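Have a look at the structure below before the remarks.
The values are calculated or read from the model by the stated rules, or taken from the named source; none is laboratory data. All figures in this text were calculated on a predicted structure; none of them were measured in a lab. For neighbour counting, all protein chains shown are included, and Cβ atoms are generated from backbone atoms with ideal geometry for every residue, glycine included. Side chains included, ligands, DNA and RNA excluded: accessible areas come from the protein's heavy atoms. Shrake-Rupley method; radii C 1.70, N 1.55, O 1.52, S 1.80 Å.
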Amino acid sequence: MTAHVWILFPGLIRAVLDYYDYLWENRKGFDENRLLKDLPPSLQAELSLSLKRDLIAKVPFFHDADDKLIRDIAGRLQPIIYTPDDSIFKEGDQADCMYFVGKGLIEISQHGTHLVTIGDGSFLGEIALLHDRPRTASAKAKGYCDLYKLNC
């Protein structure tokens, strides 16, 4: 990288380097999407279910779901990383997905007022999705967050 890039965009360069440090420290270079893509469908389904079953089981409305539905949900969950202070969604946004928190802290606020901070093993965004209405609150990453996104 040339010196002028460092001078012109030091904050951006630092953010990119911090992101790759986070990936290395927390995932050891492991890319779940790439690993799953290289496997045959039957192994994709088994590995995906093994990696995500515990997260799915924490959502109350999936407690009584049959194994076929849980397997389908696990296969649809897409890993996504949010960096510190990223907006995950904003109050009033139309809901098209929900999230499962693998690792990290997320601040939930409404009308600019902090309501709660949630973390590992939590889920969010399900209310607006289930009721097909705009988001009732905003969600913001408090640090690096490893989430799984479930699109509707």
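Placing unit charges on the Cβ atoms only, positive for Lys and Arg and negative for Asp and Glu, gives the chain a dipole magnitude near 120 debye about its Cα centre. Toward the positive end of the charge dipole of the chain, with +1 on the Cβ of Lys and Arg and -1 on the Cβ of Asp and Glu, the farthest Cα among Phe9, Leu49, Ala95 is that of Phe9. Per residue, segment 75-152 exposes 50 Å² of accessible surface when a 1.4 Å probe is rolled over the protein heavy atoms with every protein chain present.
Overall, the accessible surface of the chain at a probe of 1.4 angstrom is composed of carbon and sulfur to the extent of 56 percent.
Before rounding to the nearest 500, sum -39500 (n - 2.57) across all DSSP H runs of length at least 4 in the chain and divide by the residue total; then give [θ] at 222 nm in deg cm²/dmol. Write down the numbers at each step before the final one.
Details: 6 runs with 63 residues, N = 152.
It lands at -12500 deg cm²/dmol.
Here the label points at Tyr19 and Thr113, each 7 Å from Cα along the C-beta direction, are separated by 3.5 nm in the simple model.
What is the ratio of the Cα radius of gyration of the chain to 2.2 N^0.38 Å, where N is its residue count, to two decimals? Numbers along the way, then the final one.
Details: Rg = 17.4 Å, N = 152, 2.2 N^0.38 = 14.8 Å.
It is 1.17.
Translational D (Stokes-Einstein, µm²/s) of segment 31-95 at 25 °C and 0.890 mPa s when Rh comes from the Kirkwood sum over C-alpha pairs? After rounding, the answer is 179 µm²/s.
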